[in-house]
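Some notes on the structure that comes next.
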Amino acid sequence: MCRDSFHCTHGAHSRWAVPSNSSTSPLIFMNRNLHDDEPFGQFVKVWLASNSERRKVMLEPMFPTFHHAGIEGVDESPPSGSVDHQVLTICKRKAESVLDTNDFDIVIVSDTMISDPDDHSLSMGKPSDAVEAAMMLHRLSGRRHQVWSATGIYFMEKWNFFCEVAVVEFPSFKDEVLADLVQSNSWVGKAGGYDLHGAMGEHAQLVDGSESVVLGIAQSAMDLLEHLSLAL
């Protein structure tokens, strides 16, 4: 199975450009005189435009200090089309909602969706309450499903986008296990109603793809961010 369906169906590129703000000032780090042994991540100004604590934890080793705040008012209703198209579209909407990048060298937006195991054109987003979380987990119980993450990185006055897929398998949950998962509240704010590094960690198995995709950031985006954090 292909790790990134965009590489399979759209050639060798998984990046799309969104017009950047023309008023963006030159990147601050370009004017710094750093010693060769000083990590770039200590000086670059990064904004993770997401309220996700899991994404925050993923980026902390690269960038010791960064701005962590989501964007308000983004239309997260899924458009028609395949789940990869849906998640990428919402990710781009988030990028377009970043109106002022002047104070930051790097801005990161991301979105994650799960495809319905019965119909890969249908997506499963974040449950709105415990009842919906239980319904999602029951639907995924004993089955494999695809997790899609699309991530946009604003750098050098332009946006680059990455969209990747991973496959996760759940065992068949007994009623008491399902109840414990819901009562743990680890489903809050998580696509599909679960957190791979939360209560679901002891049950779920990553079958294909990268763990970072399941946690909310495309692996290719993580690779680029790691490269940037070590640059100079």
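Every number in this text was worked out from the coordinates using simple rules, so none of it is lab data. The structure presented is a predicted model; accordingly, all values stated were derived computationally and were not measured. Backbone-built Cβ (ideal geometry, glycine too); neighbour counts: all protein chains shown.
Could you run the Debye sum over the Cα atoms of the stretch 53-106, one equal point scatterer each and no solvent, and tell me log10 of I(q)/I(0) at q = 0.25 Å⁻¹, two decimals? Scattering profile of the stretch 53-106, log10 relative to I(0): -1.07.
Within the shell of other residues whose beta carbon sits under 12 angstrom from the beta carbon of Gly142, the net charge comes to +3, with Lys and Arg scored +1 and Asp and Glu -1.
In this simple spin-label approximation, Glu96 and Ser82 carry label points 7 Å from Cα along the Cα→Cβ vector, and these lie 2.2 nm apart.
Between Arg144 and His203, the simple spin-label model (points 7 angstrom out along Cα→Cβ) gives 2.0 nm.
The phi-based Karplus calculation (6.51 cos²θ - 1.76 cosθ + 1.60; θ = phi - 60°) puts the 3J(HN,Hα) values of the stretch 165-171 at 10, 9, 10, 10, 10, 10, x Hz, whole numbers, x for Gly and Pro. Give the Debye-formula value of log10 I(q)/I(0) at each listed q (0.19, 0.21, 0.34 Å⁻¹), with one equal scatterer per alpha carbon of the stretch 189-232, two decimals each. The computed values of log10 I(q)/I(0) come out as -0.66, -0.74, -1.19. Computed over the stretch 103-232, relative contact order equals 29 percent, with contacts defined as Cα pairs under 8 Å that lie 6+ residues apart.
Counted by neighbouring Cβ atoms within 10 Å, the residues Arg54, Arg144 run from fewest to most as Arg144, Arg54.
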